[in-house]
Structure formats: C-alpha cells, structure tokens
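Written below as structure tokens is the structure these notes are about.
The values are calculated or read from the model by the stated rules, or taken from the named source; none is laboratory data. Just so we're clear, the structure is a prediction, and the values are computed from it rather than from any experiment. Glycine also receives a Cβ, built like all others from the backbone with ideal geometry; neighbour counts cover every protein chain displayed.
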C-alpha cells in the first residue's frame, strides 16, 4: 500500500482509462468489420439483381417482333426502320431511344423523333416530317426545300411540293438555305408559299414575273395579278372563297384575276 493516496488514485484512474480506451477500440474494430460484411452482402445482392435483370431482359419473351412507324408520309417505313438500326429478334431493352432518334434524324426530311418501347416486344417510332413547301428546277434536277428555304433534297424526281418557276437557282446544298439569283426572290417565294399553307391553299406551281405572279391551282386554272394583290387576297381569305366556289362547281379552267382591295374577277377559259 502506497503512502500517497492521491498518486494511487491517479494510477487507478489511468488504468481504468486505458482499459476503457481498449474496449472502445475493440468495439470500433467490431463495428468496422460488421459494416464491411454488410456492404459486401449488399454488393453481392445488387450484383445478383443486376445479373437476374440482364438475364430476364434477354429472354425470348422480350425479343422485338414488331416495329410501328407513325407520322411519316414522305419517308417510307422501311427507310426509317433501316436508319433506326432496330432489328427484330433483338431484345427490346437493347433499343436506346436517344441513339435511335439521332440516327433517324440524319434524314433531313425528319424534323423530330420519339421512340417508345412497348413491352414486352414492340417498338413505336413517332416522327414529324419537315414541311415540303417548295421545289425549284436546277438543270434536270429538283431542289426540295422546307418552309424556311433549307435544302432537304436534290432529286431527279418531282415531289408533292409547289414548283417555283421564273427564278434561277444560284446555289443549292443540303442543310443550307437555297440561293436564288434574283434579289429578294427567295423572300417573296417563302412568304407566298407559307401564307398559302397557313390558309389551307395549295398551288401546283407558281410563276414569278417581276412584280407579278401566276399561281396554278390546276394545270389550266390559275390565279394572276400583282404579287402584293395576290398576297392580300390570300391573307384576307377572299381568294380562298373564290377558289372554293369554283371547286364546288367543278371548274378546272380559267383565270382568277386579282386586283386592288382583294377584288377577284374570274374569266373562264
């Protein structure tokens, strides 16, 4: 027994602290070991779930056996499916919508695409095509443009779009705006065909003659007058009423002359 009670008490407390610290360290190691086992178990479970999902995703039950294309008129189903890269027999889960959309939009006629998986074995491709509003003759070929004058195609075949005559194509490259030789001609062309489209009208061809124009509804039925007068009659709806009245009467020959103040006078041929 020591003669110094204070020193003896301090020694006892130190020993107790050391013992307590040892117990805490042991407990920490135990917890770390437990957590490690827990994480390992969770990792194994996740891997098993993923593996099971991969196996299930590639069962024949999920093999693509139908591809539906919706919204297309100018571009055929076969062309769109070919561009998509989707093949029947492959897993529907291997179809990546964003990648498929990117592939299909390489066709300039396609403005937007949505791709949907229809479980268990179908894929739906919804497309929106650009409006083919004008075509221009360039030598023996036709230059097809959208409503903004962007060149979508240069083809040997004529398309279902208004043929523009009386202007000269200076330059035409895909994805670029068509260039016309005549100053201001493209603005007038785009303005007229866009306004006719907005007002539910369609002209087979439009011949521009300086400040005047002739717009053909049929091969032998046309609208004639100054450009500004025709545009005014289109926007007011007057021209549409006249054309509809002639359509009701099965008239396919003659000239609708357009004057100031939206005045239209029909002359039979």
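Filter segment 223-265 for residues that are more than 15 Å from residue 203 (Cα to Cα), in contact with a helix residue (DSSP H, G or I) (Cβ under 7 Å, 6 or more places away or on another chain) and not in a helix (DSSP H, G or I) and give the result.
Hits for segment 223-265 are 258, 259, 264.
Quickly run through segment 149-173 and pick out the residues that are out of contact with any helix residue (DSSP H, G or I) (no Cβ under 7 Å at 6 or more places or on another chain) and in contact (Cβ under 8 Å) with a residue 24 or more places away in the chain.
150, 151, 152, 153, 159, 160, 161, 163, 165, 166, 169, 172
Would you point out which residue out of 81, 164 is in a strand (DSSP E or B) and at pLDDT 95 or above? Lay out the reasoning, then the answer.
Values: 81 fails: in a strand (DSSP E or B).
164 is the lone residue from the list that is in a strand (DSSP E or B) and at pLDDT 95 or above.
For the structure I just gave you, tell me whether residue 212 is touching a strand residue (DSSP E or B) at 6+ places or on another chain (Cβ under 6 Å) and in contact (Cβ under 8 Å) with a residue 24 or more places away in the chain.
Here the answer is no, as residue 212 does not meet what is asked.
Being touching a strand residue (DSSP E or B) at 6+ places or on another chain (Cβ under 8 Å) and surrounded by 17 or more Cβ atoms within 10 Å (Cβ to Cβ) is the filter here, so list the residues in segment 186-204 that pass it.
Hits for segment 186-204 are 186, 188, 189, 190, 192, 193, 196, 203.
Among the residues of segment 102-120, is any touching a helix residue (DSSP H, G or I) at 6+ places or on another chain (Cβ under 9 Å), within 29 Å of residue 174 (Cβ to Cβ), part of a helix (DSSP H, G or I) and at pLDDT 95 or above?
Yes; the residues of segment 102-120 include at least one that is touching a helix residue (DSSP H, G or I) at 6+ places or on another chain (Cβ under 9 Å), within 29 Å of residue 174 (Cβ to Cβ), part of a helix (DSSP H, G or I) and at pLDDT 95 or above.
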